[in-house]
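Engineer: Sending over a structure as structure tokens; questions will come in a sec.
The values are calculated or read from the model by the stated rules, or taken from the named source; none is laboratory data. Note that the coordinates shown come from a computational prediction; the quantities given were computed from them, not determined experimentally. Here the Cβ is made from the backbone with ideal geometry for all residues, glycine too, and neighbour counts use every protein chain on show.
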Amino acid sequence: MAERPVNNALRGVSAEAVAPPEDDDLLGDRPRLRAIFISDLHIGTPGFQAEALLDFLKHHRSDTLYLVGDIVDGWQLRRRWFWPQSHNDVVQKLLRRARKGCRVIFVPGNHDEFARHFVGHAFGGVEVVHDTVHTTATGLKLWVIHGDHFDGVIQCAKWLAYVGDWLYELTLKINRHLNSLRARMGLGYWSLSAYLKLKVKKAVNFISDFEVAVAQEAKRRGYDGAVCGHIHHAEIRDIQGTLYCNDGDWVESRTALVEHMDGRLEIIHWGVGHVLTVREMNTAQVAT
């Protein structure tokens, strides 16, 4: 019974549903990307920055769009139903992308683990897979996974993960009030939770250990690198000869990983109608 609202939400965003007004066709003069990787949207929570993601998608088109887990937050929806129109607009925009010819691939995470029961199926043109491999224009093979399997808390003490999720939501709530005050003072957006992650030694060590574990497993499987999400920390770096990429999130940092037509990888931090490059890597140099 607890999962019924989540399943109802999936039924409510079928491909036949009427999509909100779009201007994707106006993007013809904008350079097309080979691929866009986004994760950790957490649709169904107050923390999801839906308007920012809609604006990002409005300005970017791609041949392939990877949804790298925690797209819909089943954990939160089971506790409290939250689904405003803007969240529905995002789902409809993703489905529209698939109908317009973009290949949309969904790799479920731990917060939308209910979708793992549908691996091998497609809904509204969106392919559901456990993991996949993306080959860049320069020939690099990147293993695409959410990354929760490399989190010891998720695997060994799930109850602790639920407690941590509740505390994280509390931090985000404080963050929203803080940024409301900052906006009235004319100041820009600032993430309290991201700041705490980078200041608490254990959090910094966890991020580093996670990155190394993902890179090592990608190498063991014979891949040139990996793309993941889960820890809400965008990054592109070389770890002992293996390319590690994390596309970040759309709760705190509003980041996406993109591949340009020449194979160049870039992390984009999306502001209001503008782009700020966080990190960029030429995969042609990595390939050599």
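Engineer: Within the range 38-58, take every residue that is within 14 Å of residue 94 (Cα to Cα) and not hydrophobic (A, V, I, L, M, F, W, C) and give me the one that is surrounded by the most Cβ atoms within 10 Å (Cβ to Cβ).
Structural biologist: Here the answer is 39.
Engineer: Suppose we keep only residues that are assigned to a loop (DSSP other than H, G, I, E, B) and of a type in the set (Lys, Arg) within the range 225-265. Which one would you say is surrounded by the most Cβ atoms within 10 Å (Cβ to Cβ)?
Structural biologist: Going through the qualifying residues, I end up with 254.
Engineer: What do you reckon, is residue 273 in a loop (DSSP other than H, G, I, E, B) and modelled with pLDDT of 70 or more?
Structural biologist: Judged against the criteria, residue 273 is not a match.
Engineer: Moving to a separate point now. Tell me, which residue of the range 186-224 that is loosely packed, with under 15 Cβ neighbours inside 10 Å and modelled with pLDDT of 80 or more is nearest to residue 145 (Cα to Cα)?
Structural biologist: The extreme case among them is 221.
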